[in-house]
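The structure under discussion appears below in the form of structure tokens.
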Ligand code: C2E
Ligand code: MG
Ligand code: MG
Ligand code: MG
């Protein structure tokens, strides 16, 4: 009897595994098609100067409205792209779109996320160079964001990849800092141009005294190493103010703007430029 029950459980478990595998395969198939058909969309989230709150850059974030399922998070499909060999095509698509879009915004920096699967490829820098050349964007306006996790596993390869990228003139930022266990002191040797503090740290800055002290110390250390710091995930004004006081020069979060279509960024930029022009006129008069 017990044996029977065991067998039943086993079967049930295997069925669940099969269902999971099938769903994953279907997801992969749909994603492959979405990349080929260019169904993915890139949205842009403002990066603002901490003291003026002016938009000085944008971060490109990929979106996918999966047919028959609705929008799914990049946190779900990026890992699938990683393990199915699709990440290179996906990443290249986002980079090209972002660089093309940035041509309309000559005063903005554009940040693009890079997956370990792209970064690991020795030819990645060549892809980046091709995109820079074909879109004719100034390399210095482009920041590639790399997450902390990969670096710790592969310090030597990371160093080489960063060197190749920086030789092209692009900037390299450390993304999601504070979500893992690394220290800025250790990461300094990689030559990051910027550090982005993960939302998991910034979200508690107002309520949690320990989180606040950790943040303060982290930003101070980065600044003592001359590395500028962006705080991400700012949802209310007081959080932004606190992080600015700690020394962050750049802020990002829903309070300053959600990820939005290209046209919305252009509109916002037009409003911002008009306001700046008014101010200049006012000063001149
Ligand atoms: P990330 O690079 O750390 O991007 C920031 C994420 O935080 C974005 O989520 C953004 O929408 C979200 N966010 C920004 N401000 C706030 C806020 O105030 N509150 C909250 N709750 N969330 C905020 P998203 O777009 O879902 O992307 C999640 C992650 O997926 C990204 O984290 C990045 O690691 C990855 N990702 C997104 N697009 C790409 C891409 O094109 N390529 C690669 N390789 N990864 C990507
Ligand atoms: Mg990022
Ligand atoms: Mg981030
Ligand atoms: Mg993050």
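Brief remarks follow.
- Extension gain from residue 25 to residue 241, taking 0.36 nm per residue of separation minus the Cα-Cα distance: 73.2 nm
- Backbone N under 18 Å from the residue 283 label point (7 Å along Cα→Cβ), restricted to the stretch 35-64: 49-56
- Calculated FRET efficiency, residue 224 to residue 157, Cβ-Cβ distance, R0 = 35 Å: about 0.80 to the nearest 0.05.
- Protection proxy ranking, highest mean first, for peptides 19-27, 211-219, 92-100: 92-100, 211-219, 19-27, where packing is the per-residue count of other beta-carbon atoms within 10 Å, averaged.
- Computed from the C-beta positions of residue 189 and residue 217 and an R0 of 25 Å, the FRET efficiency is 0.80 to the nearest 0.05.
- Dividing the summed -39500 (n - 2.57) terms of all DSSP H runs of n ≥ 4 by the residue count of the chain sets its mean residue ellipticity at 222 nm at -17000 deg cm²/dmol.
- Rounded, prolate or oblate (a/c below 1.5 giving rounded, otherwise prolate when a/b exceeds b/c) for the chain by Cα gyration tensor: prolate
- Between residue 254 and residue 76, the simple label model (points 7 Å from Cα in the Cβ direction) yields a spacing of 1.9 nm.
- Percentage relative contact order, the chain, counting C-alpha pairs under 8 Å, at least six apart: 17 percent
- Nearest-ten-degree value, helix 2-36 long axis tilted from longest Cα axis of the chain: 40 degrees
- Multiplying the residue separation of residue 103 and residue 13 by 0.36 nm and removing their Cα-Cα distance gives an extension gain of 27.2 nm.
- Considering only beta bridges that DSSP places wholly inside the chain, some 40 percent are antiparallel.
- Relative to the longest principal axis of the Cα atoms of the chain, the long axis of helix 262-284 makes an angle of roughly 10 degrees.
- When each of the peptides 192-201, 120-129 is scored by how many other beta carbons lie within 10 Å of its residues on average, the order from highest to lowest is 192-201, 120-129.
- Of all DSSP beta bridges in the stretch 1-134, antiparallel share, percent nearest 5: 75 percent
- Between 0 and 90°, nearest 10: helix 155-167 axis offset from the chain longest Cα axis: 40 degrees
- Gain on full stretching of the segment that runs from residue 266 to residue 53 - 0.36 nm per residue minus C-alpha separation: 75.0 nm
All of the numbers you see were taken from the coordinates with simple rules; none came from a lab. Computed from a prediction, not measured in an experiment: that's the story for all the values here. A quick note on method: Cβ atoms are made from the backbone with ideal geometry, for glycine too, and the neighbour counts reach across all protein chains shown.
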